[in-house]
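Every number in this text was worked out from the coordinates using simple rules, so none of it is lab data. Because the structure is a prediction, the values reported are computed rather than measured. Cβ atoms come from the backbone with ideal geometry, glycine included; neighbour counts cover every protein chain shown.
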Amino acid sequence: MDFEWSREQLAIYNEIRAFAKRELNDNLLERDREGKFFWDGWKKCSDIGILGLPVPKEYGGAGADILTAILTMEALGYGCGDNGLVHSINSHLWGCVIPILKFGTDKQKQMYLPDLSKGEIVGGHAVTEPDAGSDVFSMKSSAIKSGKNYIINGSKSIVSNAPIADIIIVFAVTAPDKGFLGGVSAFIVHKNTAGLKIGNPLEKMGLNTSPISELFFDDCKIPVSNILGSEGSATRIFQETMEWERSCLFACHIGVTQRILETCVRYAKDRKQFGQPIGKFQSIANKIVRIKMNLELGKLMLYKLGWLKAQNKNVMLETSIAKLFISENLKSAALDAVQIHGSYGYMKEMGIEKELRDAIPATIYSGTSEIQQNIIARCLGL
Amino acid sequence: MQKKERLRGYIFSELARDNHSGNLSDDDSLVENGVIDSVAIVQLLSFIEDNFGISIEDEELIPENFETINAMYSLIQQKEVQGDANLN
């Protein structure tokens with residue numbers, strides 16, 4: 001069993017890590033406080049090729065395979081302290097770029113992928129509704145075919161990137177009697193489409209630089225040519241989106257956990273109490289040991305998942321295990337980091353509490369921890 | 001018929017809850033009886049594609065093809081015939 005990354009992959013990792021540390025950490029706390037999206041950072045990520053990471057070069061992307069994408073996102077997560085920017089980049093890539101790449105017509109790919117890859121248009125993904133979160137296929141937003149258009153009515157909640165997105169992949173019911181078996185379709189919707197209202201940005205506990213809002217559809221006309229895949233193919237589109245998101249977004253979380261670990265080790269060595277570094281006390285050291293152990297285990301599961309997906313294997317089980325494990329450990333690592341840093345960890349100035357606020361939704365989005373456990377149980381035949 | 005039994009065996013040992021196998025016929029709705037949901041359908045598709053060597057197109061993912069065991073078996077047979085026809 002070969003655990004080595006290729007020289008090229010490691011070079012990309014080192015380049016992105018250095019780039020992110022150097023270019024993406026200015027005025028972090030200020031932007032977090034003001035809830036400002038980091039447009040300069042977005043542009044820099046575009047220039048270095050991150051925004052078109054999995055897109056083939058013929059469409060202006062970097063042509064990264066899944067494992068290279070995972071390693072690249074791990075580097076980005078590690079180097080970039082703006083977790084909100086990282087979250088928005090992930091929403092753009094796995095929620096919008098991947099669905100168009102995997103299910104779009106040649107015309108749709110030509111129309112959207114080059115500009116998405118350059119970051120000149122921002123992508124979003126709208127599936128959740130006020131009464132359809134974990135039970136996503138109980139959604140009510142409808143898309144009724146009328147001549148050369150579909151008419152969408154309904155609303156979507158918690159849409160990442162909605163306030164800044166140029167196009168959004170919107171899921172709506174096209175055949176209510178069919179449910180998840182061919183009853184839901186996906187559409188490419190432009191932000192200025194008549195009948196679409198984008199709500200005001202919602203205030204959140206964390207990820208303050210990643211804007212989120214609701215969408216409201218009132219007889220919103222979408223050309224038939226904007227359907228993604230065939231009518232009723234949303235189950236497959238959603239599943240594909242989740243597999244990429246649950247691997248690559250959580251690759252970023254591996255990077256963040258690494259950063260948190262290094263912060264804790266540094267502090268535990270520097271901070272002295274009772275005449276010695278606090279890292280010499282087992283109650284502190286053991287917390288850091290646990291972060292390290294879970295970080296390494298999370299990496300193994302994630303890399304295995306990437307390898308399986310590269311072999312076109314069914315990865316539903318592994319995706320859920322990786323997502324569950326990595327997200328829960330990010331959250332506990334961030335909480336431990338606050339505790340290890342004591343009162344200073346609680347103060348905004350050090351930036352540790354921001355890591356915790358940003359980490360908390362990791363066990364909620366992309367399918368809650370409860371849902372991941374359900375999926376794993378189902379895969380075990382329980 | 002062996003293939004149908006394999007399909008049935010997979011569904012009721014891996015996907016079904018409360019061990020419906022004694023109660024449901026090959027014509028009973030697996031969706032209405034809670035055997036298949038949006039999670040199970042993904043597992044089922046993967047099983048069918050891997051074990052029967054066929055590829056299910058997006059437009060084939062409809063109740064008519066997946067509601068019952070007989071419907072799924074018909075689809076599998078139909079795809080196998082198409083696959084043989086393409087080879088010839």
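Under the definition of partner shielding as Cβ atoms of other protein chains within 10 Å of a residue Cβ, what is the mean value for peptide A:56-67?
Mean partner shielding for this stretch: 0.
With charges only on Cβ, +1 for K and R and -1 for D and E, what is the dipole size of the protein assembly as shown about its Cα centre, in debye, rounded to 20?
It comes to approximately 1700 debye.
List the aspartates and glutamates whose Cα lies under 19 Å from the Cα of A:Lys21, skipping any in the same chain that are fewer than 8 positions away.
Counting by Cα, and skipping residues close in sequence, A:Lys21 has these aspartates and glutamates nearby: A:Glu30, A:Asp32, A:Asp40, A:Asp47, A:Glu74, A:Asp82, A:Glu262, A:Glu349, A:Glu355, A:Asp358.
From the P(r) of chain A, can you give the percent of Cα pairs sitting at distances over 40 Å?
Roughly 14 percent, once rounded to a whole number.
Nearest 10 degrees is fine. How inclined is helix A:250-270 to the longest principal axis of chain A, computing both from alpha carbons?
Roughly 20 degrees between the two axes.
What average number of partner chain Cβ atoms lie no more than 10 Å from the Cβ of the residues making up B:58-66?
For this peptide, the per-residue mean of nearby foreign Cβ atoms is 6.
Taking each full run of DSSP H in chain B as one helix, which ones are at least 20 Å long along their axis (Cα atoms) and have mean Kyte-Doolittle hydropathy of at least 1.0?
B:38-52
Under the definition of partner shielding as Cβ atoms of other protein chains within 10 Å of a residue Cβ, what is the mean value for peptide B:30-43?
5
How high is the relative contact order of the range A:80-220? Use alpha-carbon pairs under 8 Å, at least six apart in sequence, and give a whole percent.
Answer for the range A:80-220 is 25 percent.
What's the FRET efficiency of A:Gln110 with A:Ile48 using the Cβ-Cβ distance as r and R₀ = 35 Å, to the nearest 0.05?
It comes out at approximately 0.90.
For the Cα atoms of chain A, what angle does the longest principal axis make with the long axis of helix A:282-310, in degrees from 0 to 90, nearest 10?
30 degrees
In what sequence do B:Ile76, A:Ile89 fall when counting other Cβ within 10 Å, fewest first?
In order of increasing Cβ crowding within 10 Å: B:Ile76, A:Ile89.
Taking chain A as the reference, fit the longest principal axis to its C-alpha atoms, fit the long axis of helix A:39-48 to the helix C-alpha atoms, and give the angle between the two in degrees, 0 to 90, nearest 10.
Value to nearest ten degrees: 90.
If you rank A:Arg290, A:Arg31, A:Arg246 by fewest surrounding Cβ atoms within 10 Å, what's the result?
A:Arg290, A:Arg31, A:Arg246
Given an 8 Å cut-off on Cα distances and at least 6 residues of separation, report the relative contact order of chain A as a percent.
Relative contact order of chain A: 16 percent.
Just check the range A:226-341 against the gyration tensor rule for me: Cα atoms, a ≥ b ≥ c as the square roots of the eigenvalues, rounded for a/c under 1.5, and otherwise prolate or oblate depending on whether a/b exceeds b/c.
Prolate.
Would you mind classifying the range A:78-191 by shape? Square roots of the alpha carbon gyration tensor eigenvalues, ordered a ≥ b ≥ c; an a/c under 1.5 is rounded, otherwise it is prolate if a/b is larger than b/c and oblate if not.
Oblate shape, in that a/c is at least 1.5 and b/c is the bigger or equal ratio.
Give me the net charge of A:Ser233's neighbourhood, meaning all other residues with Cβ under 11 Å from the Cβ of A:Ser233; Lys, Arg count +1, Asp, Glu -1.
Local charge sum for A:Ser233: -4.
If you restrict to DSSP beta bridges whose two residues both lie in chain A, what percentage is antiparallel, to the nearest 5?
Close to 85 percent.
What is the order of A:Ser247, A:Ser46, fewest Cβ neighbours within 10 Å to most?
Ranked by crowding around the Cβ, least crowded first: A:Ser46, A:Ser247.
Using 0.36 nm per residue of separation minus the Cα-Cα distance, give me the extension gain between A:Asp135 and A:Met205 in nm, one decimal.
22.8 nm
Sort A:293-306, A:148-161 for me by packing, meaning the mean count of neighbouring Cβ atoms within 10 Å per residue, highest on top.
Sorting A:293-306, A:148-161 by mean packing, highest first, produces A:148-161, A:293-306.
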